[in-house]
Every structure is written in C-alpha cells, then in structure tokens.
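Enquirer: I have a structure I would like to understand better, so I am pasting it below and will then ask my questions one at a time.
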Amino acid sequence: MRLYKRSASPNHVIRRWIPLILITAGLVLYITSSALQTTILSFLFPGETQFTHSRKTILQMTGAHITLTIAATVLSSVFGIFIGILVTRKAGREFQQLVLKLNAFIQTFPPSAVIILAFPVLGFGWKPALLALFLYSLFPVLGNTVVGFNSVSPAAIDAAKGMGMTWFQQLHIAELPQAFPMIITGIRHSYILNLGTAAIAAVIGGEGLGTIIISGLTLRNSALVLSGTIVISMLAFIGEQLFALLSWKQTSHGDRTEKQANMSKKEK
Amino acid sequence: MNRNILQRRALDKQVAFALFLFLVSFTLPFLQSRENRISEEFTVSAFSLGIGPILLLLLAPLVILTSAFIPNRKRAALLSTVAAAFGIFSPLLVLSIVGNALVADLGAFARYSPASGMYVYLAAVSILYLMKQKAQSRDKVALFLVMLLAIGMGFIGMFDRLGILLEARNLGTRLWREILAHVRITGVSLLISMVIGIPIAFLAFINKAVRRVVFPILNVLQTIPGIALFGLLIAPLAALSMAFPVLREWGIQGIGNAPAIIALSMYALYPIIRYTYTSLSGIDEQVVLAAKGMGMNSTQIWKIVRLPLATVGILHGIRVALVQTLGNATLAKLIGGDGLGVLVFEGLGQASVDMVLLGMLLIIALTVISDRLFQFLINVFTPASLIREER
C-alpha cells in the first residue's frame, strides 16, 4: 500500500536520485583507482601491508561479479516470470501446488549449499556457478509472480473478458499492472541474493569479488575482505535504489495508480 | 462427477511430467566409479546396465503409467504409493548391485557413486510425492519401510564401496566431532542472538526511538554477504585480544570459533528481531482494548494477552534464524572454525567430490531435521484460538 502514497514532487525526485548518483560515482572512483583503495584501507587498517589482490584488480573482479549477478538475475527473471505466468493460466494451474511446495523447500537450503553442491554435479568454473545462482534465484521470482497473479482481483479479469479482450490483452492490460509490484519485489530479492551468493561462488571457480574476500580470509587480512565487501555493498545499494525507482515510476503512472488505489480501498 | 474428471486430468498432466523426467534420466549417465577418491571417473549410462537393472528401474514409471489409466481412484492412489516406494528402492538396489560389480576388478580403493541420471530419476520420484495434495499415512509408512530396507542393505554390506560412506568411514570419529562442533557453534550463536535480539525487539516495540536506530542498522547488516562478515571481524578482534590478553584466554581472537560465533549471531539477529517485532505489533489492538476494558493492568496485559499471542511469531523467527545459521556455519571453516564446513572445504581443496557431498548432505539433513522439529514445537505452542482462526 505504501507504494501508492508517493507523489511525483520534485523533492522526491531529488531525494531519490542524489544518493544514487553519489554512490555510483563513489563506486566508479573506488574500483578504477588503486591509489584510492590503498589510501582508504591503509587509513582503516594501519597494521596491514597488502591492500590489493596479487593477481587481479578490483575492476576486473567487479566486472566479473556484475556479469555473473546480472546474467543470473536476468535468466531467473525470464524463466521465473514465464513459468509463473504458465502456472497461473488455466492450462497450467495443476502445477501451481508443485511450484509453491518446491519454492518452500528450496528456501530452507542455505545459499552456500547450493553453490557448493554445484561442484560434485557440474564441476569447477563460472558455468556451474552461473547455473547454481540461476536455479537458486529462480524461486523468489517464480513464487512472487505466482502470488502476484493470484492476487489480481477477479472483478478486473471479468471486466477484461466482458470487454472482449483476447487472452494476451487480458494478460498484459488487465493482469500484469496489478501483479507488477510483486514481480519487481521478487526480481529485487533475486538480485540481492545473487550479489551475496556470487561472492561464495569464488570457492568453485566463479571469478567475482569473492576471490579477494576469500584470499583475505586465508591470509587473515581484513583489509582485502573489506575492499571486496565495500564494492558489494555499494552494488546492493545501487540495485535497491534502481528497483525502488522502477516500481515508483510504474505505480505513479496516473490513472493506473488511481484504479489500483480504488480497488485496494474496496477490498478493505 | 465433473470435479472428479477435472482431478483426473490434473493427475495426468503431472504424471506426464514425471514420466518425461524418467525418460530424461535414462539418457544420462546413471552411476560412476573411480579407482580411488580423486581419480578420473568412469560413467555408466542406464542403457548399458543389463536387462535386470533396466527392468527394475522401469518398474516405477510403468506402475505410475498404469495407475493413470485406472478409473477407480482408490486403486489408482494405492498404485501410485507402490510406484513411489519402488521409485526410491529400485535405484538404490541397482546402485548397489551394478556398483559392486563395477568396482570388483578396480582394486582395493575403488568406489562408486550416483551420477546425474540417478539424481534426475529421484527428482521424478519426488514429483510423484509432491503432486499429492497431502501426504497420506500410507505413503509415509511405505517410505519408512523403504528406509528400513535401505539401512538393512547397508548393514549387510551392500553399500560398503559407496563413495560417501567410504569417506565417512575414513573420517571415523572425526566426523562425529565435526557434526557436534557444527551443532554447538549453531546453538551458541543462536542463543546469543536470542538473548540480545528478543529484548531489543521488545524495546523497539515500546520505544519509537529505538525502532528508528535498530532497523536501519539491521538492514545494512543484511546486505553484507555472510562470507564477508566473517572476514571483517578478523582485524578488530585481533586488535582487541592484543589489547586485553584476558580475552585471549577465553578464546576470543581474530581467527577460530569465537569470531565465527560472533558473526553468525550478528547475522541471526535480523530474523529474530524482525519476527519478534512483527508478531508484537501485529496483535489486534481490539484484543488489547478488550483486555483493558476487563480491568487488566499493563503487567497482566503483557502476561495474559501479548506474550501468548506473540510466542508463535517469535518461534517462527527463531526457526528462520536456526535454518540460516546452520547453513552459514559452513563458512566458519574459512576463518579457522570447526564444523562440517571443514569437510566441505577440505573436499573442495582436494577436488574430492564424495567428501564435499558428504559434508553438504549432512548439513542439509541437519537443516531439514531441525526445521521439522521446530515446526512440531510451534504446533505445540500455538494457542487453540489461533488454530481455529486459521481454519
């Protein structure tokens, strides 16, 4: 319900964009200049001597990390929304129970287990890491898509049918706008999950920021760990802000918002 | 009548999906053998198993296919129970027979383990179980009997050369020590986060200022990947133990179990505080007003109304924290802690698939068992009034 209360005043726009731009600028500065990394880390950890990874730069690792995360998130979004739409249609409704039960079961698996189990089944490298991330982050999107489409008010579907909409029109004009906030929440959850889990992927050969974190752990060097963590936290913040903007833009879309607000009032 | 037909059609689609998975499993390598624990594996596909094992494996899909064509629903359900039980038993039997034959001429260190085909086969079987609306007692009894049979097969030595069991035997008492260490680390960190988290949640419920401070901090803590939180504590704790040597006598230093426990309890704070706070603030204001109207003072309202109603939510929070901590405790090994993570990362270091699998399976078993136990506990603690409401 909170989503509908926001209005498009310039104050809001500034408050949303300024931290996003500042953090993005900070991230770009940090990952491109090793002098900056050394300055910050030597200030925080005066006892340490090594502040950068011996073989790779932060820039390379960040690139690999972002690629892995975004690839897994895009894959799981596409498949999750597709399967989610499929099991909420009349033809696939029988599989909905199966999907929801599977979802509840997979949630009890720890992320590290999913990544590490990819090793006995699929071996070392970035491909097993990507597959494991995809399979694990599929379920937040899938579950939220199913819940989102199930919460569409039957009256709206009836109205759409009464207006003579085709199957596809009914889906993307009547149902999708109402399910959209829920789906976006699922994709956001999947992105944050992937960002953290991609760090663990370093143990099976995924070349992300986990590389510097794990070498920091083995060398007992907190500076290296912090260096990787800063970047991951900033990436998480930027992602959160972008998703917030996305769902805010969607819901502030004039009459659509009004319609939804009226509908939710009636439900109460 | 109409509804009956609909349900039969529903069953058919899921049966078709399960049969498709069975078909896929037959095209993949079914099991693999190695000359020793780290050598290259030989895979054996299901087609080259010989006529006996193939017939055994085909039993489950054939029975389930027959059940789909039987109009009598009771008989169909009975057949699907039989099919599901065979679906678990026959791959185990095939695994032991073919596996033992495979390793017989490969030397004393040879071992066999299931391959991707068998995992897909078992996934197809689990769909047979999942597609039922509610697990019937008949299914549970059948599953229990199959388990007993498998354990019996293990006792007479049919699984002696199975990879993960060989690893478990090689580890000997160390295995028990690591399991106990894993449970201990999880338990201690959960206890710490409960002792700290639940009072904080109560304070946050009473005081708005506390709420404003606590939740932003928790949100930031949650975005730090678990693996990093361990490492970030190395330097501060090392500095602390340098400054106060007393701490080192208690085991608090940069590496070892202490930083792992601290990191895990910090991570478990989020679900505990969240769930406790939500269950306290979610209590219907009408109920509290009614209690006031009955003349209860604030102590009585807490004792008689708020606490009993919030207990279930708090227990749910502890359950979530427990499951999460059991998983994350794997990473404790990375900073020199004990637990099942030791097996996993040693296995990864030696590229020994069976050792990784053993560690991971034990962690998952611990997670599932403790989750079930907690679910049972929650059911016991749920007030009768809430149960009626759910229905």
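Enquirer: For q values of 0.27, 0.28, 0.29, 0.30 Å⁻¹, compute log₁₀ I(q)/I(0) with the Debye formula on a Cα-only model of the range A:19-69, without solvent.
Expert: The Cα Debye sum returns log10 ratios of -1.08, -1.10, -1.11, -1.13.
Enquirer: Give me the distance in nm between label points sitting 7 Å out from Cα along the Cα-to-Cβ direction at A:Phe43 and A:Phe82, one decimal.
Expert: Simple spin-label model gives 4.8 nm for this pair.
Enquirer: Along the range B:87-98, what does the Karplus equation 6.51 cos²θ - 1.76 cosθ + 1.60 (θ = phi - 60°) give for ³J(HN,Hα), rounded to whole Hz, x for Gly and Pro?
Expert: 3J(HN,Hα) across the range B:87-98, in whole Hz: x, 8, 6, 5, x, 5, 5, 4, 4, 6, 5, 5.
Enquirer: Now for a different question. Give me the dipole magnitude in Debye, nearest 20, for the range B:173-390 about the Cα centre, with unit charges on the beta carbon: positive for Lys and Arg, negative for Asp and Glu.
Expert: My answer is approximately 500 debye.
Enquirer: Okay, next question. What whole-number volume per residue, in cubic angstrom, does the convex hull of the C-alpha atoms of the range A:72-214 give?
Expert: Per-residue hull volume (Cα only) is 104 Å³.
Enquirer: Nearest 100 Å² is fine: what is the total accessible surface buried where chains A and B meet, probe 1.4 Å?
Expert: The summed interface area works out to 3400 Å².
Enquirer: Could you give P(r) for chain B, binned at 10 Å from zero, as whole percent values over all Cα-Cα pairs?
Expert: Percent of Cα pairs in each bin: 4, 17, 21, 22, 19, 12, 4, 1, 0.
Enquirer: By how many degrees, between 0 and 90 and to the nearest 10, does the Cα long axis of helix B:173-206 differ from the longest principal axis of chain B?
Expert: It is inclined by approximately 40 degrees.
Enquirer: What number, in percent, do you get for the relative contact order of the range A:39-251 if the mean sequence gap of Cα pairs under 8 Å and at least 6 apart is divided by its residue count?
Expert: 29
Enquirer: Now for a separate question. Just want the answer: with Cβ charges of +1 for Lys and Arg and -1 for Asp and Glu, which residue in B:Met296, A:Trp167, B:Thr173 is farthest toward the dipole's positive end in the protein assembly as shown?
Expert: B:Met296
Enquirer: Further question on the same structure: How big is the Rg/Rh ratio for the protein assembly as shown, C-alpha atoms only, Rh by Kirkwood, two decimals?
Expert: Ratio of gyration radius to Kirkwood radius for the protein assembly as shown: 0.98.
Enquirer: Let me have the 222 nm mean residue ellipticity of chain A computed from DSSP H runs of 4+ only, each contributing -39500 (n - 2.57), with the sum over all residues rounded to the nearest 500.
Expert: -25500 deg cm²/dmol
Enquirer: Further question: Run through the range B:119-203 and list the trypsin sites (Lys or Arg not before Pro) located in a DSSP loop whose Cβ has at most 10 other Cβ atoms within 10 Å.
Expert: Loop-located and lightly packed - B:Lys134.
Enquirer: For chain A, compute the orientation-averaged projected area of the C-alpha convex hull (one quarter of its surface), in nm².
Expert: Over every viewing direction, the Cα hull of chain A projects on average to 17.2 nm².
Enquirer: Let me ask something else. Return one number: the angle in degrees, 0 to 90 and rounded to the nearest 10, between the long axis of the Cα atoms of helix B:51-69 and the longest principal axis of the Cα atoms of chain B.
Expert: Once rounded, the angle reads 70 degrees.
Enquirer: Could you tell me how far the Cα centroid of the range B:46-121 sits from the Cα centroid of the range B:298-372, in Å?
Expert: Computed from Cα coordinates, the inter-centre distance equals 33 Å.
Enquirer: The range A:108-179: Rg/Rh from Cα coordinates, Kirkwood Rh?
Expert: Rg/Rh for the range A:108-179 comes to 1.28.
Enquirer: Right, another one. With every atom except the alpha carbons ignored, what do you get for Rg and Dmax of the range B:1-148, in angstroms?
Expert: Every Cα atom of the range B:1-148 included, Rg and Dmax give 17.3, 63 Å.
Enquirer: Could I ask something else about it? Pairs to check: A:Lys127/B:Lys132; A:Lys101/B:Lys303; B:Lys13/B:Lys140; A:Lys90/B:Lys132; B:Lys208/B:Lys333; A:Lys161/B:Lys132. Give those whose C-alpha atoms are more than 28 Å from each other in this structure.
Expert: A:Lys127/B:Lys132; A:Lys101/B:Lys303; B:Lys208/B:Lys333; A:Lys161/B:Lys132
Enquirer: Quick check on chain B: helices-only [θ] at 222 nm, where DSSP H runs of length 4 and up contribute -39,500 (n - 2.57) each and the sum goes over total residues. Nearest 500, please.
Expert: Calculated mean residue ellipticity at 222 nm is -25000 deg cm²/dmol.
Enquirer: Still on this model: Taking the Cα atoms only, what angle lies between the long axis of helix B:353-381 and the longest principal axis of chain B, rounded to 10 degrees?
Expert: 50
Enquirer: Taking every pair of alpha-carbon atoms in the range B:173-390, give the share separated by more than 27 Å as a whole percent.
Expert: 43
Enquirer: Averaged across A:120-126, how many Cβ atoms of other chains sit within 10 Å of each residue's Cβ atom?
Expert: Average per residue, whole number: 4.
Enquirer: Okay, next question. Express the relative contact order of the range B:2-160 as a whole percentage, based on alpha carbon pairs under 8 Å and six or more residues apart in sequence.
Expert: Taking the mean separation of contacting Cα pairs over the length of the range B:2-160, I get 32 percent.
Enquirer: A further question follows. Calculate, for B:Ser281 and A:Ser151, the FRET efficiency according to 1/(1 + (r/R0)^6) with r their C-beta to C-beta distance and R0 22 Å; round to the nearest 0.05.
Expert: 0.45
Enquirer: Under a plain spin-label model, where a point goes 7 Å from the Cα along Cα-to-Cβ, how far apart in nm are B:Leu240 and A:Leu219?
Expert: Result: 2.5 nm between the two label points.
The values are calculated or read from the model by the stated rules, or taken from the named source; none is laboratory data. Computed from a prediction, not measured in an experiment: that's the story for all the values here. Note that we place each Cβ from the backbone using ideal geometry, even for glycine, and neighbour counts take in every protein chain shown. For accessibility, only protein heavy atoms count, side chains too; no ligands or nucleic acids. Shrake-Rupley method; radii C 1.70, N 1.55, O 1.52, S 1.80 Å.
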